[in-house]
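Read the structure below first, then the notes.
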Amino acid sequence: MIESPWLDDLVCRTRQKDILRILAHRFGVVPPEMAAGLRNVESEESLDALVDWAMTCPDLEAFRGRLAL
C-alpha cells in the first residue's frame, strides 16, 4: 500500500463530504457549525463510524451528539 499524506487527506475530505451529503439528503440543510466540526474529524475509524451513524441516526441532534459538538 502506498502511503501518502496528500492521498490520506484527500480520502479524509472525501469521507467528510460524503457524510455531509448523506445528512443533507436525509434532513435538509446541515448547520455550518456541524460541517465545521466534522472537518476536525480525521481518524479513519471515526469517519467510518460517522458514515454509519449518518445513515441511521434519527435526526441532526442525534448526529451532533455523536460528533460531540
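The residue that is modelled with the lowest pLDDT, counting only those in segment 53-69 that are surrounded by 13 or more Cβ atoms within 10 Å (Cβ to Cβ) and of a type outside the set (Gly, Ala, Ser), is 69.
The residue that is nearest to residue 21 (Cα to Cα), counting only those in segment 38-48 that are under 9 Å from the mean Cα position of the chain (by Cα) and open to solvent by less than 90 Å² (accessible area, probe 1.4 Å), is 38. Of all residue pairs spaced 6 or more apart or on separate chains, those with beta-carbon atoms under 8 Å, a first member in segment 12-29 that is among the polar types (S, T, N, Q) and a second member that is in a helix (DSSP H, G or I) are 16/38; 16/39; 16/47. Looking only at segment 6-16, decide whether some residue is modelled with pLDDT of 95 or more, part of a helix (DSSP H, G or I) and open to solvent by 100 Å² or more (accessible area, probe 1.4 Å). No, because not a single residue in segment 6-16 is modelled with pLDDT of 95 or more, part of a helix (DSSP H, G or I) and open to solvent by 100 Å² or more (accessible area, probe 1.4 Å).
The values are calculated or read from the model by the stated rules, or taken from the named source; none is laboratory data. Computed from a predicted model, the values in this text were never measured in an experiment. FYI the Cβ positions are ideal-geometry reconstructions off the backbone, even for glycines, and counts take in every protein chain you see. Each accessible area value is taken on the protein alone, full model and side chains, heavy atoms only, with ligands, DNA and RNA left out. Shrake-Rupley method; radii C 1.70, N 1.55, O 1.52, S 1.80 Å.
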